[in-house]
Amino acid sequence: MQRLTLPFALALALMLLALPVHPARADDSLYRAWGGKAGIRAVMDDFVARLPAHPRIGRRFQGVDAQHLSSQLTDQLCELAGGPCQYNGPDMAAAHEGMGLKKPEFTALVEVLQEAMAARGIAFSDQNRMLARLAPMHRDLLEK
Ligand code: HEM
């Protein structure tokens with residue numbers, strides 16, 4: 001038993017060392033369904049462009065750097081979708097600190113995202129898969 005364990009442990013260690021720094025998830029089907037990074041970027045550009053005009057949450061996005069926001073969101077959603085990306089921005093609590101965000105604003109933002117996803121032809125099931133991965137973030141970014 002012991003003779004088997006050591007080689008196994010060594011092989012495992014070598015496999016882990018050989019992994020790329022930002023490995024894609026084993027399941028990158030959502031990433032591929034969204035058209036890879038370019039597809040995600042197209043939805044994020046559309047989404048970010050819609051936000052300032054929103055009647056309830058638009059004021060939050062006045063003067064915000066749309067290119068930067070879209071780029072950060074693209075990395076974040078790419079990573080969430082299982083793609084080979086890494087979000088390197090501030091965590092969600094820090095990014096929204098002091099905004100005093102409440103649930104209705106989160107809901108409004110999700111509605112705008114749904115409009116952008118539909119406009120870019122993301123299948124309804126793939127919209128919902130992404131929303132399911134985003135939903136738990138409300139705990140971090142809404143005011144306690
Ligand atoms: C799942 C929900 C959300 C995600 C994933 C998300 C993600 C992000 C990310 C990645 C950034 C950029 C951080 C940086 O690089 O500095 C950001 C910034 C921002 N978020 Fe959110 N956010 C969410 C919800 C909301 C909501 C509900 C609001 C308000 C209605 C909001 C308002 C903002 C604003 C105004 C900024 C820009 C701050 C600045 O650049 O001055 N976010 N968000």
(message) When the residues of segment 63-86 are narrowed to those that are near the ligand (Cβ under 9 Å from one of its atoms) and surrounded by fewer than 16 Cβ atoms within 10 Å (Cβ to Cβ), which ends up nearest to residue 32 (Cα to Cα)?
(response) 68
(request) Considering only segment 87-115, state which residues are touching a helix residue (DSSP H, G or I) at 6+ places or on another chain (Cβ under 6 Å) and either outside any loop (DSSP other than H, G, I, E, B) or of a type in the set (S, T, N, Q) (or both). (result) 92, 93, 106, 112, 113
(request) Kindly establish whether residue 113 is surrounded by 13 or more Cβ atoms within 10 Å (Cβ to Cβ) and either of a type in the set (D, E, K, R) or in contact with a Lys or Arg (Cβ under 8 Å, 6 or more places away or on another chain) (or both). (result) no
(request) Could you list, in sequence order, all residues of segment 96-110 that are open to solvent by 40 Å² or more (accessible area, probe 1.4 Å) and either within 19 Å of residue 135 (Cα to Cα) or within 9 Å of the ligand (Cβ to nearest atom) (or both)? (result) 96, 97, 99, 102, 103, 104, 107, 109
(message) Filter segment 1-50 down to the residues that are part of a helix (DSSP H, G or I), open to solvent by 100 Å² or more (accessible area, probe 1.4 Å) and modelled with pLDDT under 65 and list them by number.
(response) 2, 3, 4, 6, 8, 10, 14, 15, 16, 17
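Can you tell me which residues in segment 122-143 are outside any helix (DSSP H, G or I), open to solvent by 40 Å² or more (accessible area, probe 1.4 Å) and more than 19 Å from residue 38 (Cα to Cα)? Outline the logic, then answer.
Residues of segment 122-143 outside any helix (DSSP H, G or I): 122-123, 142-143.
Now narrow it down to the ones that are open to solvent by 40 Å² or more (accessible area, probe 1.4 Å): 123, 143.
If the condition is that a residue be outside any helix (DSSP H, G or I), open to solvent by 40 Å² or more (accessible area, probe 1.4 Å) and more than 19 Å from residue 38 (Cα to Cα), then 143 is the only one that fits.
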(request) Among the candidates 53, 119, single out the residue that is surrounded by fewer than 17 Cβ atoms within 10 Å (Cβ to Cβ), more than 28 Å from residue 26 (Cα to Cα), without any contact (Cβ under 8 Å) to a residue 24 or more places away in the chain and of a type in the set (A, V, I, L, M, F, W, C). (result) 53
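Do we have any residue at all in segment 131-140 that's more than 8 Å from the ligand (Cβ to nearest atom), aliphatic (A, V, I, L, M) and closer than 17 Å to residue 29 by Cα?
So in segment 131-140, the residues more than 8 Å from the ligand (Cβ to nearest atom) come out as 131-133, 136, 139-140.
From what's left, aliphatic (A, V, I, L, M): 131-132.
Still in the running and closer than 17 Å to residue 29 by Cα: 131-132.
Yes.
The values are calculated or read from the model by the stated rules, or taken from the named source; none is laboratory data. As the structure is a prediction and not an experimental result, all values here were calculated from the model. FYI the Cβ positions are ideal-geometry reconstructions off the backbone, even for glycines, and counts take in every protein chain you see. Please note that ligands, DNA and RNA were not included when accessible areas were found on the heavy atoms of the full protein model with its side chains. Shrake-Rupley method; radii C 1.70, N 1.55, O 1.52, S 1.80 Å.
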